[in-house]
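J.: Quick one: this structure, given as structure tokens, is what I'll be asking you about.
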Amino acid sequence: MSRVRIDMSSSEGAVAFLKHLLGSGKVSAILTMRKNPGTGAYDIGLIADEAGLDNAAPVAPVMVANTGRVLSSLTPAVKPLAVMLKPCELRAFVERVKRDQGSFENLLIISYTCGGVFPLDEAIGEHFQDSIPDYFRRVASGEIVEGVRETCKACEHFVPTCADVTISIAGDRDSTSGCSIYLNTDRAREMAEGLEGKQSDDEFDPAVTAELAVKRTAEKKKVFDSLAPAGDGLDGLIEIFGKCVGCHGCGHVCPICYCVLCDFESHSFDYNLPYFEKELSEKGSLRLPPDTIFFHLGRMTHMSFSCVGCGLCSDVCPVDIPVANIFKKVGEHTASLFDYVAGRDLEEEIPVMVFKEEEFNELG
Amino acid sequence: MISDPEKQGAAMKAAGGIEDAVRGFLREALKSSAADAVLVPVRTPAEDSYAWILTNDPSVLDNARPAAPTMPVQGAKALKSLTRKGEGKAGIIAVMRPCEIRAAIELYKLNQVHLDNITLISYDCVGAVPLQDYISDPAGSEKRFDSMLKAGKTDDSAVKPVCRICVDFSLVDSDIHIGLIGQSGGSALLVPNSEKGQALLESMGMACGEDISGWTKTVAQMKVEREGARARALAEMGTRLQGFDGLSATFADCIGCHNCQSVCPICYCRQCYFDSDASRQDAASILDTAIERGGVAFPGNRVMFHTGRMAHMSLSCVSCGQCSDACPVSIPVADIFSYMAGLTQPTFEYTAGRNDGEPLPLRHFKEKEVEKVHEIVKGAEEEEVAHE
């Protein structure tokens, strides 16, 4: 058995699977997005009580935090946990595990082919719920849904690569008539035993998503091209980052930025007044607080090749800088120099952590 | 440096608008070496926002907007980045909103800002356009703000909610204040508010013989109106925040990004306790809690973070509204914190940033203080005894 098909919508089917896992005692708790039982707002719940799963929203097109980042705090898990992750959240978790910020031990990873999520400020709106059924219809037909985040529209990594379980949604026309749960590993098959539904030996066929993948690639080119500033070099950077208010919200929500204290918030970026006076006498004018662009370039250097394009940085930016698209564009470029794809494979080593004697010889 | 109602000011011609007059004043200050540099908001090259620029170049001031329509970075934060590590030799003039100056005074008390070589200039503030409004429509925001500034009157629909109920919109603990309210279009008042301010005006040959009582009166009247509006808004907020359920509902959408704290001028901790290892639970105990209670929410400690931050900084909160501007899920953080500040500060007869000589309540031990607490404790004890 490698597939169970449940006669329910994707969302209900996913919840039924989670209930099976928790109800049968195969896992101790489940980490999933849900509607908070007290407030009704979306959050991420670690749910240990089957009734609590009535509020689960495992595949809702919303991201309130990168669950891959949240998952770190729950690992190493002392008891089995099932975890619902969007593909970009899973990739983020893989990158975190490579940095010793988490462990796969005792985890059943469930992911799905993702149609993208809506911007955070829309997802908290009153009428957001009304748009969800239409969203799933469009996603099933392989559309890029109008209104989802630009970063999601341009995401080519919407098929999970390291999941134990894949729920087929995006580009899968059959997902409107039932929920297909693919069991990719022995552990998944073992855990799914006893799950009610039609069992078969079908394996996940990536061809289902091929058409959507082509659309996403075209969209990505469009998004990346639109980022070109009019000016070159520093002028272009000032054009893009000039309105940054220095809140560092982008770094604080980033699943890859795992430093407890960012270097740019540390003492090493404090300057004394004589330093400013010297700068002033040389340049005539200074922007305060300093290092606005330096922060973004520094963060890019530190994490861009591990950027999974989850888009949270753009969601939290108070001045609407397209941070996610910029970092994704730069990140893909740097990663490609090393044939690296962030979060694709746990075995792939982080380029800057690996010493190769023969590398970039053309640099001399 | 508390204001003296008997004092006098200097008249400043402002035929080309108030900001033009201030630019002229600053240029003159640089040229006459009354100041070595000035710190003012300057429009970004892409004309999509403003940035604090420290300059000694009079020509840079052509692009300055001393009263910028919006407040992307709290001025006290700019001042902190400049002076946190101590004094230099340069004399610097900083032109800021009253709430920015008040924050600077609080940071001065917290040893995060040095003011010996800084001359603070404040002005009658008509409020600031919410950052999101400005970013989505810079040209329209400029227009709306300009007409407010010209009329010297706040348009409630154009400014941040906390600006609508701000009672400290005029003279604060600055060195020089620029009076705009109730002035006939062609002029403004320069009011010296400290010896340093007086000396600067004198060194620039500006005579302070102008009667300012008319301006003082108009400001006082406006304050009375604002106090009424403030009381009403705070009462409404008090109802909304009732009990844990009220708090929980208010912060329901919080995603724990801590942007509110990052942009807060008062939150000066390099690392917030709530971002530190000390506030983290280990994996096993989180799971235990989930099993015990049925579930655990992430991001966690929502109410705890906000009430914790409140406990730490509400005595110094200047209600500048930056926290609301930076919140990605539109929680009215500033209104909530301003409400709390309105309760905590009067308890200690303290107003954040009112006077640099007023000690911070929590850093100043008084043997007799907040006697009400003693009464409450005594009452509770007596009740307990009676109960037994």
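The values are calculated or read from the model by the stated rules, or taken from the named source; none is laboratory data. Just so it is clear, the model here is predicted, and its values are computed rather than measured. Positions of Cβ are backbone-derived with ideal geometry, glycine not excepted, and every protein chain shown enters the neighbour counts.
J.: Please go through the range B:98-133 and give me each residue that is surrounded by 23 or more Cβ atoms within 10 Å (Cβ to Cβ), more than 14 Å from chain A (Cβ to nearest Cβ), within 23 Å of residue B:338 (Cα to Cα) and not small (Gly, Ala, Ser), ordered by number.
T.: B:98, B:99, B:101, B:102, B:105, B:106, B:123, B:124, B:125, B:126
J.: I would also like to ask the following. Can you go through A:65, A:48 and tell me which one is farther than 12 Å from residue B:299 by Cα and either in contact with a strand residue (DSSP E or B) (Cβ under 9 Å, 6 or more places away or on another chain) or among the aromatic types (Phe, Trp, Tyr) (or both)?
T.: Details: A:65 fails: farther than 12 Å from residue B:299 by Cα.
So the residue among A:65, A:48 that is farther than 12 Å from residue B:299 by Cα and either in contact with a strand residue (DSSP E or B) (Cβ under 9 Å, 6 or more places away or on another chain) or among the aromatic types (Phe, Trp, Tyr) (or both) is A:48.
J.: Do any helices (runs of 4 or more DSSP H) lying entirely in the range B:127-170 carry at least 3 residues that are modelled with pLDDT under 95, and which ones are they?
T.: Working: elements: B:131-136, B:138-151, B:161-164.
Of the helices (runs of 4 or more DSSP H) lying wholly inside the range B:127-170, those with at least 3 residues that are modelled with pLDDT under 95 span B:138-151.
J.: Could you list, in sequence order, all residues of the range A:243-258 that are over 18 Å from the mean Cα position of the chain (by Cα) and either at the interface with another protein chain (Cβ under 7 Å from one of its Cβ atoms) or modelled with pLDDT under 95 (or both)? Break it down stepwise before answering.
T.: Residues of the range A:243-258 that are over 18 Å from the mean Cα position of the chain (by Cα), as a first pass: A:243-248.
A:243, A:245, A:246, A:247, A:248 - these are the residues of the range A:243-258 that are over 18 Å from the mean Cα position of the chain (by Cα) and either at the interface with another protein chain (Cβ under 7 Å from one of its Cβ atoms) or modelled with pLDDT under 95 (or both).
J.: Exactly one of (1) touching a residue at least 40 places away in the same chain (Cβ under 8 Å); (2) closer than 27 Å to residue A:328 by Cα is unmet by residue A:191. Its number?
T.: (2)
J.: What tally of residues in the range A:18-75 results from selecting those that are among the charged types (D, E, K, R) and more than 10 Å from every other protein chain (Cβ to nearest Cβ)? So that I can check it myself, show each step before the final result.
T.: Filtering the range A:18-75 for residues among the charged types (D, E, K, R) gives A:19, A:26, A:34-35, A:43, A:49-50, A:54, A:69.
From what's left, more than 10 Å from every other protein chain (Cβ to nearest Cβ): A:19, A:26, A:35, A:54.
Of the residues in the range A:18-75, 4 are among the charged types (D, E, K, R) and more than 10 Å from every other protein chain (Cβ to nearest Cβ).
J.: Further question on the same structure: For residues that are within 14 Å of chain A (Cβ to nearest Cβ) and either within 18 Å of residue B:106 (Cα to Cα) or of a type outside the set (D, E, K, R) (or both), tally how many sit in the range B:318-362. Spell out how you get there, then give the answer.
T.: Within the range B:318-362, the subset within 14 Å of chain A (Cβ to nearest Cβ) is B:320-334.
So of that shortlist, the ones also either within 18 Å of residue B:106 (Cα to Cα) or of a type outside the set (D, E, K, R) (or both) come out as B:320-324, B:326-334.
The qualifying residues number 14.
J.: Quick one: would you say residue B:233 is free of Cβ contacts under 8 Å to residues at least 60 places away in the same chain and either among the aliphatic types (A, V, I, L, M) or not assigned by TED's automatic domain parsing to the domain that holds residue B:28 (or both)?
T.: On the way: free of Cβ contacts under 8 Å to residues at least 60 places away in the same chain: no; either among the aliphatic types (A, V, I, L, M) or not assigned by TED's automatic domain parsing to the domain that holds residue B:28 (or both): yes.
For residue B:233, the condition - free of Cβ contacts under 8 Å to residues at least 60 places away in the same chain and either among the aliphatic types (A, V, I, L, M) or not assigned by TED's automatic domain parsing to the domain that holds residue B:28 (or both) - is not met.
J.: For the range A:292-306, name all the residues that are surrounded by fewer than 16 Cβ atoms within 10 Å (Cβ to Cβ) and either hydrophobic (A, V, I, L, M, F, W, C) or not in a helix (DSSP H, G or I) (or both). Give the steps one after another, and end with the answer.
T.: To start, the set of residues in the range A:292-306 that are surrounded by fewer than 16 Cβ atoms within 10 Å (Cβ to Cβ) comprises A:294, A:297, A:301.
Once the filter is applied, which keeps residues that are surrounded by fewer than 16 Cβ atoms within 10 Å (Cβ to Cβ) and either hydrophobic (A, V, I, L, M, F, W, C) or not in a helix (DSSP H, G or I) (or both), the range A:292-306 yields A:294, A:297.
J.: Considering only residues that are hydroxyl-bearing (Ser, Thr, Tyr), at pLDDT below 95 and part of a loop (DSSP other than H, G, I, E, B), which ones fall in the range A:108-159? Let's see the steps before the verdict.
T.: Filtering the range A:108-159 down to residues hydroxyl-bearing (Ser, Thr, Tyr) leaves A:111-113, A:131, A:135, A:141, A:151.
Next cut, at pLDDT below 95 only: A:131.
Correct list: empty.
J.: Within the range B:51-97, restricting attention to residues that are at the interface with another protein chain (Cβ under 7 Å from one of its Cβ atoms) and part of a helix (DSSP H, G or I), which residue is surrounded by the fewest Cβ atoms within 10 Å (Cβ to Cβ)?
T.: Going residue by residue through the range B:51-97, those that are at the interface with another protein chain (Cβ under 7 Å from one of its Cβ atoms) are B:51-57, B:60, B:72-73, B:77-78, B:81-90.
Now restrict to residues that are part of a helix (DSSP H, G or I): B:60, B:77-78, B:81-83.
On the way: B:60: 18, B:77: 27, B:78: 27, B:81: 24, B:82: 27, B:83: 25.
Across the range B:51-97, the extreme among qualifying residues is B:60.
J.: Would you mention how many residues in the range B:262-287 are within 9 Å of chain A (Cβ to nearest Cβ) and assigned to a helix (DSSP H, G or I)? So that I can check it myself, show each step before the final result.
T.: Within the range B:262-287, the subset within 9 Å of chain A (Cβ to nearest Cβ) is B:262-263, B:270-271, B:275-277, B:280-284, B:286-287.
Going one step further and asking which of them are assigned to a helix (DSSP H, G or I), we end up with B:262-263, B:275, B:277, B:283-284, B:286-287.
Residues that pass the stated criteria total 8.
J.: Turning to a different aspect of this structure: Under 6 Å between Cβ atoms, which residue pairs at least 6 apart in sequence (or on different chains) link something in the range A:80-99 that is under 11 Å from residue A:69 (Cβ atoms) and at pLDDT 95 or above with a partner that is part of a loop (DSSP other than H, G, I, E, B) and among the polar types (S, T, N, Q)?
T.: Cβ pairs passing all conditions: A:89/A:66; A:92/A:66.
J.: Is there a residue in the range A:261-283 that is under 30 Å from the mean Cα position of the chain (by Cα), among the hydroxyl-bearing types (Ser, Thr, Tyr) and either surrounded by 14 or more Cβ atoms within 10 Å (Cβ to Cβ) or more than 8 Å from chain B (Cβ to nearest Cβ) (or both)?
T.: For the range A:261-283, residues under 30 Å from the mean Cα position of the chain (by Cα), among the hydroxyl-bearing types (Ser, Thr, Tyr) and either surrounded by 14 or more Cβ atoms within 10 Å (Cβ to Cβ) or more than 8 Å from chain B (Cβ to nearest Cβ) (or both): absent.
J.: Residue check: is residue A:198 in the same structural domain as residue A:151 (by TED's automatic domain parsing) and of a type in the set (Lys, Arg)?
T.: Numbers: in the same structural domain as residue A:151 (by TED's automatic domain parsing): yes; of a type in the set (Lys, Arg): yes.
The answer is yes for residue A:198.
J.: Within the range A:110-158, how many residues turn out to be crowded, with 22+ Cβ neighbours inside 10 Å and either free of Cβ contacts under 8 Å to residues at least 60 places away in the same chain or β-branched (Val, Ile, Thr) (or both)?
T.: Selection size over the range A:110-158: 11.
J.: Take the residues of the range B:288-311 that are assigned to a helix (DSSP H, G or I) and polar (S, T, N, Q): which is nearest to the other protein chains (Cβ to nearest Cβ)? First the steps, then the outcome.
T.: First pass over the range B:288-311, keeping only residues assigned to a helix (DSSP H, G or I): B:288-293, B:302-311.
Then keep just the ones that are polar (S, T, N, Q); that gives B:289, B:307.
Working: B:289: 8, B:307: 16 Å.
Looking at the filtered set, the residue picked out is B:289.
J.: Only residues that are outside any helix (DSSP H, G or I) and either outside the structural domain of residue B:343 (by TED's automatic domain parsing) or over 15 Å from residue B:347 (Cβ atoms) (or both): list them for the range B:366-388, please.
T.: At the first step, the residues of the range B:366-388 found to be outside any helix (DSSP H, G or I) are B:366-370, B:388.
Result: B:367, B:388.
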